[in-house]
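Chemist: I have a structure here, written as structure tokens, and I will follow up with some questions on it.
The values are calculated or read from the model by the stated rules, or taken from the named source; none is laboratory data. Given the structure is predicted, the values throughout are model-derived calculations rather than measurements. Here the Cβ positions follow ideal geometry from the backbone for every residue, glycine too, while neighbour counts run over all protein chains shown.
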Amino acid sequence: MAKQSISVEQLRKQVEEFLALPHSDPQAAILKELLGAVLRLNTERLDMLDLKIIHRSLKEMRYAFRVFKPYRHQRKVSIFGSARLPSDTPLYDLARRFAKLLTQEGFMVITGAGDGIMRAANEGAGRENSFGVNILLPFEQEANPSIVDDPKLITFKYFFTRKLFFARESHASAVFPGGFGTHDECFEILTLLQTGKNNPHPVVMLDVPGGTYWLRWQRFIQEDMVATRLVSPEDLNLFRIVDSAEAAVAEIAGFYRNYHSCRFVKGQLVLRLQHLLTAEQVDRLNEQIAHLYPGGKLEQRSALPEEADEPELLALPRLVVPYDRRSAGYLRQLIDLVNALPYVGPVPSPA
């Protein structure tokens, strides 16, 4: 991200052109609010360090959004794990094989661009299917050879902007054994899912056959969190523990067998599907979820008028779901039920 200077005259011209944008343009309206927030910083006279944090964060996000934008149509998997694992370990081989299998299913990978598990995943996926989101550290983490100098390598100063893109741009998360950083990223993803701050997506914890890393972690969750009601039992549905690359890829690909994406519209959760369900399947789903959503009922229908701003998705069928945003674990159960239904071929479109 090279530093760019701009003259006062250039700035004045850009501001005048910007202010002339029509009020009917929704992007222009948001950008004008953003410009107003920047101008208010001048009157609030924050500390220089505060201003530097705002400035650097905005630059990092603008640059990263630009890098990811051409690849928005392709699903991606964020991969986390230790940077300290050498290349001659079974976990390294597992990460490399997992990433290679993912690309065969049409996924790209996002790693932290470092060594260990991150390097293995970039190797397995290949440069053309890899993103690297590196972090500047006091001891400077160098980008691994499989992603260095690639245009899809982004270097962040702040962990919070870096983690934003791990969550924002991925459609699944895979976590290998690691240290503090790995657990920070793992719990960040689970927290975002649990609180509804990220769209539903699969989370897989991978270990080698016979490995106990994630099994002991799960025991801690069950015995010290669930048992003491610090988290709900259904929150255990938010992740899966597997011991092979094949099982991990099957879990991720299976999540998108019929489920496509979701969106809230006027308090209703709209699940977009790959293909229509039969009336009998919808009735069966309502029977199965009766205990999850007492008094509620899902219905299948076409796109809602409010979804017109996503024209590329308008043809997909929808399930409108009664969901209060309070149990992501139950929502995951519903998505699993939808994906488990057999595809019976084309059926009449809903109204």
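Chemist: For Pro86, all conditions in the list (1) more than 17 Å from Glu123 (Cβ to Cβ); (2) loosely packed, with under 11 Cβ neighbours inside 10 Å; (3) under 29 Å from the mean Cα position of the chain (by Cα) hold save one; what is the number of the exception?
Modeler: (1)
Chemist: Here is a further query. Quick check, is Arg66 of a type in the set (Lys, Arg) and either touching a residue at least 60 places away in the same chain (Cβ under 8 Å) or touching a helix residue (DSSP H, G or I) at 6+ places or on another chain (Cβ under 8 Å) (or both)?
Modeler: Details: of a type in the set (Lys, Arg): yes; either touching a residue at least 60 places away in the same chain (Cβ under 8 Å) or touching a helix residue (DSSP H, G or I) at 6+ places or on another chain (Cβ under 8 Å) (or both): no.
Taking the combined requirement at face value, the residue does not satisfy it.
Chemist: Next question, about the same structure. Cβ-Cβ distance below 9 Å, separation of 6 or more or different chains: which pairs start in the stretch 125-136 with a residue that is on the phi > 0 side of the Ramachandran plot and end on one that is of a type in the set (A, V, I, L, M)?
Modeler: Final answer for the pair search is Gly126/Ala99.
Results for (1) part of a loop (DSSP other than H, G, I, E, B); (2) in contact with a Ser or Thr (Cβ under 9 Å, 6 or more places away or on another chain), shown as yes or no for each residue.
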| site | (1), (2) |
| --- | --- |
| Arg62 | no, no |
| Lys69 | no, no |
| Arg84 | yes, no |
| Leu91 | no, yes |
| Ala99 | no, yes |
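Chemist: Any residue in the stretch 251-269 that is aliphatic (A, V, I, L, M), free of Cβ contacts under 8 Å to residues at least 40 places away in the same chain, under 20 Å from Gln333 (Cα atoms) and part of a helix (DSSP H, G or I)?
Modeler: As a first pass, look at the stretch 251-269 and keep what is aliphatic (A, V, I, L, M): 252-253, 265, 269.
Add one more test, that the residue is free of Cβ contacts under 8 Å to residues at least 40 places away in the same chain, and what stays is none.
Scanning the stretch 251-269, I find no residue that is aliphatic (A, V, I, L, M), free of Cβ contacts under 8 Å to residues at least 40 places away in the same chain, under 20 Å from Gln333 (Cα atoms) and part of a helix (DSSP H, G or I), so the answer is no.
For every residue, the table says whether it meets (1) at pLDDT below 95; (2) under 23 Å from Arg162 (Cα atoms); (3) within 19 Å of the chain's Cα centre (by Cα).
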site	(1), (2), (3)
Glu185	no, yes, yes
Met225	no, no, no
Ser244	no, no, no
Arg272	no, no, yes
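Chemist: Restrict the check to the stretch 41-50 and report whether at least one residue is among the hydrophobic types (A, V, I, L, M, F, W, C), in the same structural domain as Pro177 (by TED's automatic domain parsing) and outside any helix (DSSP H, G or I). Explain how you work it out, then say what you get.
Modeler: Residues of the stretch 41-50 among the hydrophobic types (A, V, I, L, M, F, W, C): 41, 46, 48-49.
Retained after the next criterion (residues that are in the same structural domain as Pro177 (by TED's automatic domain parsing)): none.
Checked against the condition, which is being among the hydrophobic types (A, V, I, L, M, F, W, C), in the same structural domain as Pro177 (by TED's automatic domain parsing) and outside any helix (DSSP H, G or I), the stretch 41-50 yields no hits at all.
Chemist: Working carefully through the options Ser57, Ser78, Ser7, find the one that is hydroxyl-bearing (Ser, Thr, Tyr) and over 23 Å from the mean Cα position of the chain (by Cα). If you could, list the steps in order and put the result at the bottom.
Modeler: Numbers: Ser57 fails: over 23 Å from the mean Cα position of the chain (by Cα); Ser78 fails: over 23 Å from the mean Cα position of the chain (by Cα).
After applying the criteria, what remains is Ser7.
Chemist: Given the conditions (1) within 27 Å of Leu192 (Cα to Cα); (2) touching a helix residue (DSSP H, G or I) at 6+ places or on another chain (Cβ under 8 Å), which single one is not true for Glu310?
Modeler: All conditions are met except number (2).
Residues are listed down the side, and each one gets a yes or a no for (1) assigned by TED's automatic domain parsing to the domain that holds Pro90; (2) surrounded by fewer than 15 Cβ atoms within 10 Å (Cβ to Cβ):
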residue: Phe239; (1), (2): yes, no
residue: Arg272; (1), (2): no, no
residue: Lys297; (1), (2): no, yes
residue: Leu314; (1), (2): no, yes
residue: Arg326; (1), (2): no, yes
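Chemist: Also: Residues in the stretch 40-55: is at least one under 30 Å from Ala121 (Cα atoms), out of contact with any Pro (no Cβ under 9 Å at 6 or more places or on another chain) and in contact (Cβ under 8 Å) with a residue 24 or more places away in the chain? Spell out how you get there, then give the answer.
Modeler: Let us first name the residues in the stretch 40-55 that are under 30 Å from Ala121 (Cα atoms), namely none.
No; the residues of the stretch 40-55 include none that is under 30 Å from Ala121 (Cα atoms), out of contact with any Pro (no Cβ under 9 Å at 6 or more places or on another chain) and in contact (Cβ under 8 Å) with a residue 24 or more places away in the chain.
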